[in-house]
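Please read the structure below before turning to the comments.
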2 protein chains.
Amino acid sequence: MSLPIGEVSRRSGLSPDTLRFYEREGLLPVPGRTSGGARRYDPAVLDQLQVISTLRGLGFGLDQVRDLLAAKSSTHSVRARIDAAGASIDRLEALLDEKEKALQEARDLLGQWRDELDSWEPWPDTPLPQ
Amino acid sequence: MSLPIGEVSRRSGLSPDTLRFYEREGLLPVPGRTSGGARRYDPAVLDQLQVISTLRGLGFGLDQVRDLLAAKSSTHSVRARIDAAGASIDRLEALLDEKEKALQEARDLLGQWRDELDSWEPWPDTPLPQ
DNA sequence: CCTTGACCTGGAGTGCACTCCAGGGGGTTG
DNA sequence: CAACCCCCTGGAGTGCACTCCAGGTCAAGG
């Protein structure tokens, strides 16, 4: 019921170095250790790593990711924790909306390019403008 | 009808250093120069910078952005250029689809968090699990 | 007991994407 | 003509996010 770092690495696609780095950076909970000192991870860490990878892939920096994860694992009172988490989730939602807008912008652009391309197809081998 | 670097900087939100850097990196067309040697930009560069900023904001690297822009300004034959552009646009579309999926994943996660939070609200001041 | 393989730590190194000079030129303004 | 502002180049420096050692411990297998 607890995974060594190599297993987490294989399942998450992140190197052991990266996992230890994330731990130092406060993006992962401090894992348990074997008597010999090796890390043993709760399988739940895999979900968290999925979150991190997803957000990183969307261009969020580690600071942003850390902030957004913080509320989930805060140890304050329930009320404060819920409030913090709520604020954090709202913030994440706003950030995702921004990304969504950027994505839409990119798609619009893409359609525009395709249109331009289509309008050129009927006259092959003509020099293009500019 | 041609803009000095400072003006492009203001309108694009990118520093002159960054504009010169992008030029060196082949992301921007080589601009004209005044007799004194100062760059003069075609206003069309603003659209291109918008594209670049959008893609950068979505987490694409400069190499990817360069590849995607290349087809638009390639100097090959019309046929080759259209094909290249088409392929490039298809590739961009695939990349955007990936981002879209990541975005959706993040949103799902967010909804999940919110649900968890809601299910805790009725019992304030109870210690949270884990 | 020896080897092998997975793991540990602390610290140095890497690649990317800027960002910041130093030192100098050009053109307008008072 | 001096002061100013914007621009130039080449090169060094920065911050982020890893990534890669060197040198060592531990547990299992032969």
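The values are calculated or read from the model by the stated rules, or taken from the named source; none is laboratory data. All values reported here derive from a predicted model rather than from experimental measurement. Methodologically, a virtual Cβ is constructed for each residue, glycine included, from the backbone with ideal geometry; neighbour enumeration extends over all protein chains shown. Calculation scope for accessible area: heavy atoms of the full protein, side chains included, ligands and nucleic acids excluded. Shrake-Rupley method; radii C 1.70, N 1.55, O 1.52, S 1.80 Å.
Figures for the structure shown
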| read-out | value |
| --- | --- |
| Test for residue A:91: is it in a helix (DSSP H, G or I) and at pLDDT below 80 | no |
| Considering residues of the stretch B:24-48 that are within 15 Å of DNA strand C (Cβ to nearest atom) and part of a helix (DSSP H, G or I) only, the residue farthest from residue B:3 (Cα to Cα) | B:24 |
| Residue that is nearest to residue B:106 (Cα to Cα) [pool: residues in the stretch A:1-23 that are in contact (Cβ under 8 Å) with a residue 40 or more places away in the chain and not in a helix (DSSP H, G or I)] | A:13 |
| Residue check, residue A:41 more than 12 Å from DNA strand D (Cβ to nearest atom) and of a type in the set (Phe, Trp, Tyr) | yes |
| Residue that is surrounded by the most Cβ atoms within 10 Å (Cβ to Cβ), among those in the stretch B:6-23 that are of a type in the set (Gly, Ala, Ser) and more than 7 Å from DNA strand C (Cβ to nearest atom) | B:12 |
| Filter pass, residue A:56 being open to solvent by 40 Å² or more (accessible area, probe 1.4 Å) and either more than 8 Å from DNA strand D (Cβ to nearest atom) or more than 13 Å from chain B (Cβ to nearest Cβ) (or both) | no |
| Considering residues of the stretch A:59-79 that are of a type in the set (Gly, Ala, Ser) and either open to solvent by 30 Å² or more (accessible area, probe 1.4 Å) or within 14 Å of DNA strand D (Cβ to nearest atom) (or both) only, the residue modelled with the highest pLDDT | A:61 |
| Top-ranked residue in the stretch A:24-37 [being of a type in the set (A, V, I, L, M) and open to solvent by less than 40 Å² (accessible area, probe 1.4 Å); ranked as farthest from DNA strand D (Cβ to nearest atom)] | A:28 |
